[in-house]
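K.L.:
The structure is given below, and queries will be raised subsequently.
The values are calculated or read from the model by the stated rules, or taken from the named source; none is laboratory data. What you see is a predicted model, and the numbers here were worked out from it, not measured in a lab. Here the Cβ positions follow ideal geometry from the backbone for every residue, glycine too, while neighbour counts run over all protein chains shown. The protein model used for the area step is the full one, side chains on, heavy atoms only, and it has no ligands, DNA or RNA in it. Shrake-Rupley method; radii C 1.70, N 1.55, O 1.52, S 1.80 Å.
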Amino acid sequence: PNFDHQLQANEAWKQFRQSRKVLEKRVGIIPNSIRLGHSLGCKLHLLAPDGGRNCDGLVAISFNNFKADKSIPMLRKMSKKLNFQTEFSPSPVETLNLIKEHYEQVNNLLIRFKNDSLDQNNLLLKLLKERDSDKSEIMQLEGNHLTPVSLGLREKLLKSNLQSSLKYKKIDLIVDQITHWNI
């Protein structure tokens, strides 16, 4: 990650397009797809150059669009100590304006967690709902900002024998909500 989120979004989108071309060459068809992002990953999907047109929907888990010093607590301490300032590009305000002006996908599932002080999905939902044809919806689950990345997804996918634990029940619920989402 770096501070230029638009550059990251453009690069990720280019890699996505290249992967789709490889897949089409291998299997002959392009399957339906959804985009899935967590925190900054949501923002990168929302800033993609195609405006979300080349997919069936976006699942945005714990969307975060705070200023750099709020998103990276250590940065705040360092910038005060070393007397410098930095910000993401585009800034949070610019990001919301870009989403409002260029993001076209109407199918968006926003997932927030009950104990997530970094989540800004309510703000995102409000912005998306200003569009006439928007079908975005939000759901709240138990957990916090790190729930999706701290649940042992790797072990879950590898079918580890720890599947009965509570953390796997949470990941099962997230996966279930996504796979049964009516686009």
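K.L.:
So, of the residues in region 49-60 that are open to solvent by 10 Å² or more (accessible area, probe 1.4 Å) and of a type outside the set (S, T, N, Q), which turns out to be farthest from Asp134 (Cα to Cα)?
P.N.:
Pro49
K.L.:
Then there is this: Being modelled with pLDDT under 90 and open to solvent by 10 Å² or more (accessible area, probe 1.4 Å) narrows it down to one residue among Phe66, Phe84; which is it?
P.N.:
The match here is Phe84.
K.L.:
I need the full set of residues from region 117-138 which are surrounded by fewer than 16 Cβ atoms within 10 Å (Cβ to Cβ) and either at pLDDT below 95 or more than 16 Å from the chain's Cα centre (by Cα) (or both), in order please.
P.N.:
Ser117, Lys126, Lys129, Glu130, Arg131, Asp132, Ser133, Asp134, Lys135
K.L.:
Take Ser79 and tell me if it is over 14 Å from the mean Cα position of the chain (by Cα), more than 22 Å from Glu11 (Cβ to Cβ), of a type in the set (Ser, Thr, Tyr) and open to solvent by 70 Å² or more (accessible area, probe 1.4 Å).
P.N.:
Working: over 14 Å from the mean Cα position of the chain (by Cα): yes; more than 22 Å from Glu11 (Cβ to Cβ): yes; of a type in the set (Ser, Thr, Tyr): yes; open to solvent by 70 Å² or more (accessible area, probe 1.4 Å): no.
No; evaluated as a whole, the condition is false for this residue.
K.L.:
Could you give every pair whose Cβ atoms fall below 9 Å, whose first residue belongs to region 158-183 and is modelled with pLDDT of 80 or more, and whose second residue is surrounded by 10 or more Cβ atoms within 10 Å (Cβ to Cβ) and part of a helix (DSSP H, G or I), counting only separations of at least 6 or pairs across chains?
P.N.:
Asp172/Lys156; Ile174/Thr147; Ile174/Pro148; Val175/Lys156
K.L.:
Give the residues of region 31-79 that are hydroxyl-bearing (Ser, Thr, Tyr), in a helix (DSSP H, G or I) and within 25 Å of Leu141 (Cα to Cα), sorted by residue number. Walk me through how you get there before you give the answer.
P.N.:
Of the residues in region 31-79, the ones hydroxyl-bearing (Ser, Thr, Tyr) are 33, 39, 62, 71, 79.
Filter once more, keeping what is in a helix (DSSP H, G or I): 71, 79.
The answer is Ser71, and nothing else.
K.L.:
Can you tell me which residue within region 1-15, out of those that are assigned to a helix (DSSP H, G or I) and open to solvent by less than 70 Å² (accessible area, probe 1.4 Å), is farthest from Lys70 (Cα to Cα)?
P.N.:
Filtering region 1-15 down to residues assigned to a helix (DSSP H, G or I) leaves 5-15.
Okay, now just the ones that are also open to solvent by less than 70 Å² (accessible area, probe 1.4 Å), so 5-6, 8-10, 12-13.
Numbers: His5: 16, Gln6: 19, Gln8: 20, Ala9: 21, Asn10: 24, Ala12: 24, Trp13: 26 Å.
Step by step, filter region 1-15, then rank; the result is Trp13.
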